[in-house]
1. Out of all the residues in segment 5-15, is one or more touching a residue at least 40 places away in the same chain (Cβ under 8 Å) and on the phi < 0 side of the Ramachandran plot?
2. Scan segment 7-26 for residues that are over 13 Å from the mean Cα position of the chain (by Cα) and surrounded by fewer than 14 Cβ atoms within 10 Å (Cβ to Cβ) and report the count.
3. Provide a single number: the residues in segment 20-48 that are assigned to a loop (DSSP other than H, G, I, E, B) and in contact with a helix residue (DSSP H, G or I) (Cβ under 6 Å, 6 or more places away or on another chain).
4. Evaluate segment 3-19: report whether one residue or more is in a loop (DSSP other than H, G, I, E, B) and modelled with pLDDT under 95.
5. Looking at this structure, is residue 29 surrounded by 12 or more Cβ atoms within 10 Å (Cβ to Cβ) and in contact (Cβ under 8 Å) with a residue 24 or more places away in the chain?
């Protein structure tokens, strides 16, 4: 089970990943960031 502190860290990291995704110009790296965003989003959503 995840604790609120962990969820907060995940949400903060998701924000960083979204910023990185928006700034990234390299297609392959952008795709990897996108995969990380999806994975982290699934973790956050499964907590609810």
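The values are calculated or read from the model by the stated rules, or taken from the named source; none is laboratory data. For clarity, every value in this text was computed on a predicted model and none was experimentally measured. Using ideal geometry, Cβ is built from the backbone for each residue, glycine included, and neighbour counts are taken over all protein chains shown.
1. Yes, there is a match, as at least one residue in segment 5-15 is touching a residue at least 40 places away in the same chain (Cβ under 8 Å) and on the phi < 0 side of the Ramachandran plot.
2. If we filter segment 7-26 for residues that are over 13 Å from the mean Cα position of the chain (by Cα), which is where we start, we get 23-26.
Subset that is surrounded by fewer than 14 Cβ atoms within 10 Å (Cβ to Cβ): 23, 25-26.
Matching residues across segment 7-26 total 3.
3. Our first condition is that a residue be assigned to a loop (DSSP other than H, G, I, E, B); within segment 20-48, this holds for 24-26, 48.
Still in the running and in contact with a helix residue (DSSP H, G or I) (Cβ under 6 Å, 6 or more places away or on another chain): 24.
Residues flagged as assigned to a loop (DSSP other than H, G, I, E, B) and in contact with a helix residue (DSSP H, G or I) (Cβ under 6 Å, 6 or more places away or on another chain) within segment 20-48 amount to 1.
4. Here is the first cut: in segment 3-19, the residues in a loop (DSSP other than H, G, I, E, B) are 3.
Now restrict to residues that are modelled with pLDDT under 95: 3.
Scanning segment 3-19 turns up at least one residue that is in a loop (DSSP other than H, G, I, E, B) and modelled with pLDDT under 95.
5. Numbers: surrounded by 12 or more Cβ atoms within 10 Å (Cβ to Cβ): yes; in contact (Cβ under 8 Å) with a residue 24 or more places away in the chain: no.
No: the conditions fail for residue 29.
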